[in-house]
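Throughout, read-outs are computed from the coordinates displayed, never taken from laboratory work. On a predicted model such as this, the values are computed, not experimentally measured, just so you know. Virtual Cβ from ideal backbone geometry, glycine too; neighbours counted across all protein chains shown.
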Amino acid sequence: MSVLEVDDIVVEFDTDAGRITAVDGVSLHLATGETLGLVGESGCGKSTLARAIMQLVPMQRGSVRLEGTDLGSLSRRELRRMRHRIQMVFQDPRGSLDPRMNVSTLIGEPLKVHSIGDRTSRAKAVAEAMELVGLPAAVADRLPSELSGGQQQRVGIARSIVTDPAVLVCDEPVSALDVSIQAQIINVLDELRDELDLAMLFIAHDLSVVRHLSDRVAVMYLGQIVETGTASEVFGEPRHPYTHGLISSVPRADAESAARLQTARRLVLGELPSLLDPPSGCRYRTRCPYATAECAEAEPAPEPVGPADGLHTVRCHHWRTIVSAAPEPQESAPSQELAI
């Protein structure tokens, strides 16, 4: 049974240049104990989707159901009572922590905000959360400025789990950390998921991290999910040309690396279109070497790959003819390195 169900979310913003649709008809689900990795280029709408799920930005359409409750139908007071069941880990640990509060106060603050427990039980919960994320008791009285970046993120994670949430939304939680620290934080999140039976939405630009941590993966492009499936399906047999381009763009220290990068450059052409004037039909067609007239005329719907009840779906008119080996496209054009 799904603990989180996101159905047909649309998020729009008014800008000086016009109205943009940052998230366009996104649906996904999460089961207890499952991690869904969300990947895509910068600006594709990943963080906006996360904030919509958290009810931090308004939705123009769609619903978010947490443990069967439609969050959008709740009053502000009712939503406040539900918030302890869905928590967020932010990208910048320093920016998300009040510099005037010490570690124990920061971690215990959500318990106070949600009126959970008394002073004794809160102190116990804070100590348990610190132990779970690997923070020594000696740092309890320190300020964020006295901690390393890795310790600051551990505080952020401890603060997010202290209320016993059902769902954890992680918005690029390791991208601001040194490479030497990233693996430690990933291991902390992985262990917490297993120990606390959390459902986790994990947003990241590092595909190797997503592959390691995720049970399923969703690939986002220009506000839409273009492919989703188990990690082994998406990384092992990508069906959408954009997915294949992303995977091929990851540098590897082997003889195939140069060939893979050339494949990525052929499959992801040009620059990301503007949300002010998105392409007609398939959003990806202006960068896809396999695009045809059909791609400009009709927007592809998500289709199952394999059995109809399978988890692997793809949004592409021609996915049946585009195998994971990525055959040579009919023509090529200059491109730039991906920023994912």
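Sorted largest first, the principal axis extents computed over the alpha-carbon atoms of the chain equal 68, 48, 44 Å.
Taking 0.36 nm per residue of separation and subtracting the Cα-Cα distance, what length does fully extending residue 78 through residue 100 add? Could you put the intermediate results ahead of the total?
Values: separation 22, 0.36 × 22 = 7.92 nm, distance 2.97 nm.
Result: 5.0 nm gained on full extension.
Roughly what percent of Cα-Cα pairs across segment 1-132 reach past 27 Å?
Numbers: 2809 of 8646 pairs.
Result: 32 percent of Cα pairs exceed 27 Å.
Going by average Cβ density within 10 Å per residue, which order do the peptides 172-180, 40-48, 10-18 take, highest to lowest? Let's see the in-between values first.
Details: 172-180: 16.9, 40-48: 20.3, 10-18: 12.4.
The packing order, highest mean first, is 40-48, 172-180, 10-18.
Summarising the label geometry, the points placed 7 Å from Cα in the beta-carbon direction at residue 146 and residue 32 lie 4.0 nm from one another.
Multiply the residue separation of residue 195 and residue 296 by 0.36 nm, subtract the distance between their alpha-carbon atoms, and state the gained length in nm to one decimal.
Values: separation 101, 0.36 × 101 = 36.36 nm, distance 4.76 nm.
My answer for the length gained is 31.6 nm.
In percent, how large is the relative contact order of the chain, given Cα pairs closer than 8 Å and 6 or more residues apart?
Details: 653 pairs, mean separation 66.0, N = 340.
It rounds to 19 percent for the chain.
Here residue 237 and residue 2 are evaluated by their C-beta separation; at R0 = 30 Å the FRET efficiency comes out at 0.75. For the pair residue 119 and residue 179, a Förster radius of 51 Å applied to the C-beta separation gives a FRET efficiency near 0.80, rounded to the nearest 0.05.
Here the relative contact order of segment 1-128, from alpha carbon pairs under 8 Å that lie six or more residues apart, stands at 22 percent.
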